[in-house]
Every structure is written in structure tokens, then in C-alpha cells.
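Trainee: Can you keep this structure in mind? I'll have questions shortly.
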Amino acid sequence: MGAKVALFVFFTFFALCSTFPLQRKQYAPCKHLVLFFHDIIYNGRNALNATSAIIAAPQGANLTKLTNNFHFGNLVVFDDPVTLDNNLHSEPVGRAQGFYIYDTKNTYTAYLGFNFALNSANHQGTITVAGADPTLKKTRDISVTGGTGDFFMHRGIATIMTDAFEGDVYFRLRVEIKFYECW
Amino acid sequence: MGAKVALFVFFTFFALCSTFPLQRKQYAPCKHLVLFFHDIIYNGRNALNATSAIIAAPQGANLTKLTNNFHFGNLVVFDDPVTLDNNLHSEPVGRAQGFYIYDTKNTYTAYLGFNFALNSANHQGTITVAGADPTLKKTRDISVTGGTGDFFMHRGIATIMTDAFEGDVYFRLRVEIKFYECW
Amino acid sequence: MGAKVALFVFFTFFALCSTFPLQRKQYAPCKHLVLFFHDIIYNGRNALNATSAIIAAPQGANLTKLTNNFHFGNLVVFDDPVTLDNNLHSEPVGRAQGFYIYDTKNTYTAYLGFNFALNSANHQGTITVAGADPTLKKTRDISVTGGTGDFFMHRGIATIMTDAFEGDVYFRLRVEIKFYECW
């Protein structure tokens, strides 16, 4: 009798686990990281220090200055050092590499698509993110859509804050990554 | 005895849920949206109305006209109003913002990467999508790879239809989003 | 009594399955593919054969030659044939379409964002990938972030190897895709 109950329950649950549409509640993250990254845009005179460059712009704009009109249409590629604190000169633990495109006509918002490539004693692997960055808001959430290495198949949310900026040339972002799917 | 059965079943299922490779069947979506968005490409003369702009093209092409050759190599950034019906002048519930790149040499297909940023009484949050848009097909499926706010960690499929178009300058897309992972 | 045990176990498991943060172990993939794709970059003289084109570059660079400085800032759009073996002239089973952006200043690494659009007797559907491609490494893992058709809602890892290359104009990639979430 006990065995029959067990079998019934077993198969019922197995069926439920595999076929119900997934509806999950948000609990504590299974992994958590805080990183800083540092972006210095090429302006025609800082080739040695620059970590990013404008590579596309609407008709008539040049590539050494972000456009007026909220930079709409500027595509920037970046190769930014990633540190564990807010000091540009701290030992980097990896790079943030990819692109952003200013995609709003009446405020400063960018489409962000990039990877964190981490290479340190604590973390080896990449984290792929994509999302919307309305840069004037205090915090912005973007999606972690995948990962490799230590972050194999992970998903989660990266919360970005502008930690500092100097005009259009330097800015520093603080990012807090909470993974809700770990493997 | 009952307690032992319960414990056995409990741990057996827990192990199964957490370790089996995921193989799911497709059932009803856990959330469902229908949206329209409206794209007006900048052509050199419509700066005030345009919601998008060509920002990159192959060697020799200009940025106020999509190339011949199926627009291969044109990168367009957009900031399109999103409405609940097919009227461009309805009250927007958000924006569709991001880019597409025509990436086929013998037909009209684009790589689509963008976010829906919804901001209305019913929905607050972003939906991140990526995928292939073979624009001549009646319906095209692209992937929802993540989300934030009301769409925290969601995944699903966005089915796009061209609802109307006028030459190369205006088009309207209907998109039906079915989420199969909700949180 | 047996019924009460069953109900208790039932609801306990249901609660566990739906609310625990996901922590999974890596097991065998639920689906597995090996593909090859072939990229011929437009260099100003091979318009008929070329499958890709440089469409953006930093200030001062032209669009028919990858830049020095590890191609930093070059954005390439591609429409590459996909085959089941390493022969460019084998019957294609689909296309690999999308873009890459060289995003590193001291080595050859690209952000990759593209779709496999498969159309053969064995596979119908798209696979969307994104990730970092440090091209000098023997193998590189990038994330499968979604899919449609036969690959509806799939996730996994695509492992890329450079199978052959000729200067900056032709290269062939072998990609092994392991899906760990199937539907």
C-alpha cells in the first residue's frame, strides 16, 4: 500500500514538474557579485587612455564626439577594466567588453549588450548581459541572459548605478549582479 | 511507515527536480501581451517625425537611404512608440528601443535586438528580446531572453507581424508576447 | 492515512519545486548539434563571394579593411552558410546571421550576437546566441539565450573552434551546441 502511494505521488510530481508552465516566486539569489567598471571614451586626443570608441553615428555626425540630441544613434564599443572597488587603478579582475547604442530621442538611454570576462583567483568565466540603461535613473536593471565557466548557464539581474562621471569622457559604473538561476 | 514513505518520496523528488536535464513540454503561457509599435525611418527630411535612423552601412553607402542589395549591412537604431492598438496616435504605453541589422544578402532579414520599456497603469518594466526577423514572412518568432520589473527573469517568445508599411519609411509591427517562464 | 501522506508530500514538493532558488547540477545535454560556418569578409574586390561586410569602424578607418590595433571598433555583419561538415561547398542546412564587434584593445576578441536559422530535413528553427569570442583561444564558449521552432525556448552553450582561416578574409568555425534546457 505504502509503495503504491509512493509510486502514485512520484509520477504525479514528475509530471507536474516537467509540464506546468513555470511560475516562480522571487527568493534569495543563489550567487551575488559586486563589480565596478570604468569607461573612457575616445575623443580624438586620448588614444592611449581611452577604453571605448564611437564607431557609428547618424548622417552628418563625426566619431570623436557624442551627438547632441541625447546622443541618439551613437554606437560605442568598449573594453573597460573591471575592479572590485571604485578605484580605476586597482588590480583588474576582468574586463567588461561589448557595446552600447543611445536609442532614445528625448533622454539619455542606451541599449547595452556586453560580456563580463572575469579572470581572477575567485572567478573564471563570462557573464552575458543585455538590456536598457536609462542613464539618468539612480539604478537600472538589466538582464543576465547567460554565462560560461563559473557562470555556466546562469541567469539573473544586473543592477547598474553611475558611481562617478566627468563630462562625456569618463564614467564609472557600479554593478550588482544577483543570479537567480545557478547550475 | 507513512513517514518513511513520505521521506523517501520527498528526497527522491527533490533529487529529480534539481538534477535531471530539463526537458519540458510546451503548455499554456503564464503571461500574455499584445502590443503594436511604429517605426519611421529618418530619410534626411523628416527629422521631427522620425523614430529611427540608419547609423551604419557598408563602404560607399550613405545614411539617409537603405541600401539596395536587400539593405545588407544597414544598422538602424530606433525609439518607437508602443501602443495597445494599431493607431500611431493612441496613448503610448511605452517604447520599443534598440537596433536591427539587415544581415541577409538575398532577402530582407534583420537581426533584432531591443527592449520594450513599458510604463503604464498595467505594466512597469522591461522586456529584452533578440532574434531573426525575416520580414517578408507573415509571422516571425523571436526570443524573449530576459526582463525586469513586472517581467523579472521572464522568458518567452515574441511573435511579430508586419501590420502595415509605407515604402521604406514607415512600418507598424504587431507583436504577441507569450511568456512561458514567469516569476 | 496513505491519502494524507500523499497529499502532504504532494503539496510539500509542489511548494519546493516552485519557490526554491534554482541551483542545478550540470548533466548530459538534452540535445546536441555540430555545425560549421564559413565567413568571407568583403575587401572591396570580392562582392560576389563575400558573406560579410565591415559596416562600422572608429574615426579615420575605412570599411574595406579591418583596422590595426586588433581590429578594435570594427563591426561586421555576416550572412554565412552553415554546413554539417567542413566543406564550404557542401549543401547548406541554414545560415548563421548577425554581427560581431571587435571589442578588445590588446588581443583579438569579439562580441558575437547572431542567429542560426536552420532549414533542413532534420531541423527547422532558429537558435539565438550571444557571448565573447576570444578568437585566439582554441575553444570559446558562448551562450545560447533562446530559440524558436524545433529549438523553442532552448538554452545551452555553443563551443566555437576556428577550423581554418586565410589571412583576414576567410575563416571557418566549427561550433558544437549543447542544449541543457529543452522544451
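The values are calculated or read from the model by the stated rules, or taken from the named source; none is laboratory data. Since the model is a prediction, treat every value here as computed from it, not as a measurement. Cβ sites come from the backbone with ideal geometry, for glycine too, and all protein chains shown count toward neighbours. Ligands, DNA and RNA are excluded from the accessible area calculation, which covers all protein heavy atoms including side chains. Shrake-Rupley method; radii C 1.70, N 1.55, O 1.52, S 1.80 Å.
Trainee: Distance between Cα centroids, the range C:124-183 to the range B:74-101: provide it in whole Å.
Mentor: 30 Å
Trainee: Next up: Shortest first and in nm to one decimal, what separations exist between B:Thr64 and its copies in the other chains, measuring from label points 7 Å along the Cα-to-beta-carbon line?
Mentor: 2.5, 2.5
Trainee: In the range C:25-181, carbon and sulfur make up what percent of the accessible area (probe 1.4 Å)? Could the numbers behind the result be given before it?
Mentor: Details: 3110 of 6170 Å².
It is 50 percent, rounded to a whole number.
Trainee: Another question, if that's okay. Can you give the helix-only mean residue ellipticity at 222 nm for the protein assembly as shown, where every DSSP H stretch with n ≥ 4 adds -39500 (n - 2.57) and the sum goes over all residues, rounded to the nearest 500 deg cm²/dmol? Walk me through the intermediate numbers first.
Mentor: Numbers: 3 runs with 54 residues, N = 549.
Helices in the protein assembly as shown give a 222 nm mean residue ellipticity of -3500 deg cm²/dmol.
Trainee: Can you give the relative contact order of chain B as a percent, counting alpha carbon pairs under 8 Å and 6+ residues apart?
Mentor: 19 percent
Trainee: Can you pull the one-decimal nm distance between simple spin-label points at C:Asn87 and C:Asp163, each 7 Å off the Cα toward Cβ?
Mentor: For C:Asn87 paired with C:Asp163, the spin-label model returns 1.2 nm.
Trainee: Still on this structure, please answer the following. Take chain A, connect every pair of alpha-carbon atoms lying under 10 Å apart with a spring to form a Gaussian network, then pick out the residue of A:Ala110, A:Ala96, A:Ala56 with the largest mean-square fluctuation.
Mentor: A:Ala56
Trainee: Could you state the angle between the C-alpha long axis of helix C:2-19 and the longest principal axis of the C-alpha atoms of chain C, as a value from 0 to 90 degrees rounded to the nearest 10?
Mentor: In chain C, helix C:2-19 runs at an angle near 20 degrees to the longest axis.
Trainee: Considering only protein heavy atoms, with the full assembly of protein chains and a 1.4 angstrom probe, order C:Tyr42, C:Tyr102 by accessible area, largest first. Show your work: numbers first, answer last.
Mentor: Numbers: C:Tyr42 55, C:Tyr102 20 Å².
From most exposed to least exposed: C:Tyr42, C:Tyr102.
Trainee: Just round it to a whole percent: the fraction of Cα-Cα distances in the range C:40-129 exceeding 17 Å.
Mentor: Values: 2218 of 4005 pairs.
The answer is 55 percent, as a whole percent.
Trainee: OK, next. At A:Glu91, label 7 Å along Cα→Cβ: distances to the other copies, nm, ascending?
Mentor: 5.7, 5.7
Trainee: In whole Hz, what ³J(HN,Hα) sequence does the range C:78-87 give by Karplus (6.51, -1.76, 1.60; θ = phi - 60°), x for Gly and Pro?
Mentor: 9, 9, 9, x, 10, 10, 8, 10, 8, 9
Trainee: Scan chain A and report its longest stretch carrying no trypsin sites (Lys or Arg not before Pro) that are both in a DSSP loop and have at most 12 other Cβ atoms within 10 Å. Intermediate results must be reported in sequence, preceding the final value.
Mentor: On the way: sites that count: A:Lys25, A:Arg45, A:Lys138.
With a cap of 12 other Cβ atoms within 10 Å, the longest stretch comes to A:46-137.
Trainee: Taking all pairs of distinct Cα atoms, average 1/r, flip it, and tell me the Kirkwood hydrodynamic radius of the range A:25-181 in Å to one decimal place. Mind showing how you got there, number by number?
Mentor: Values: mean 1/r = 0.0623 Å⁻¹.
Mean inverse Cα-Cα distance, inverted, gives 16.0 Å.
Trainee: Could you calculate the FRET efficiency of C:His32 with B:Asn62 from 1/(1 + (r/R0)^6), where r is the beta carbon distance between them and R0 is 60 Å, rounded to 0.05? Write down the numbers at each step before the final one.
Mentor: Numbers: r = 45 Å, r/R0 = 0.76.
Once the sixth-power term is evaluated, E becomes 0.85.
Trainee: Give the A-B buried accessible area in Å², both sides summed, 1.4 Å probe, nearest 100. If you can, show how the numbers build up before the last one.
Mentor: Numbers: alone 11300 and 11290 Å², together 18860 Å².
Buried surface at the A/B interface: approximately 3700 Å².
Trainee: Kindly give the semi-axes, whole Å and largest first, of the ellipsoid equivalent to the protein assembly as shown, taking each as the square root of 5 times a Cα gyration tensor eigenvalue.
Mentor: Numbers: eigenvalues 307, 125, 125 Å².
Values for the protein assembly as shown, descending: 39, 25, 25 Å.
Trainee: Residues of the range A:25-181: accessible area per residue at 1.4 Å, in Å²? Display every interim value, and only then the final one.
Mentor: Details: 6200 Å² over 157 residues.
Computed with neighbouring chains in place, this is 40 Å² per residue.
Trainee: Next up: Using the structure shown, select from B:Lys137/C:Lys178; C:Lys105/C:Lys178; A:Lys105/B:Lys65; C:Lys138/C:Lys178 the pairs with a Cα to Cα distance greater than 23 angstrom.
Mentor: Numbers: B:Lys137/C:Lys178 29 Å; C:Lys105/C:Lys178 31 Å; A:Lys105/B:Lys65 20 Å; C:Lys138/C:Lys178 18 Å.
Pairs exceeding 23 Å: B:Lys137/C:Lys178; C:Lys105/C:Lys178.
Trainee: Now a separate question. Picking from C:Asn106, B:Ala56, B:Gly147, whose Cα lies most toward the positive end of the charge dipole for the protein assembly as shown (charges on Cβ: Lys, Arg +1; Asp, Glu -1)?
Mentor: Comparing the listed Cα positions along the dipole, B:Gly147 ranks first.
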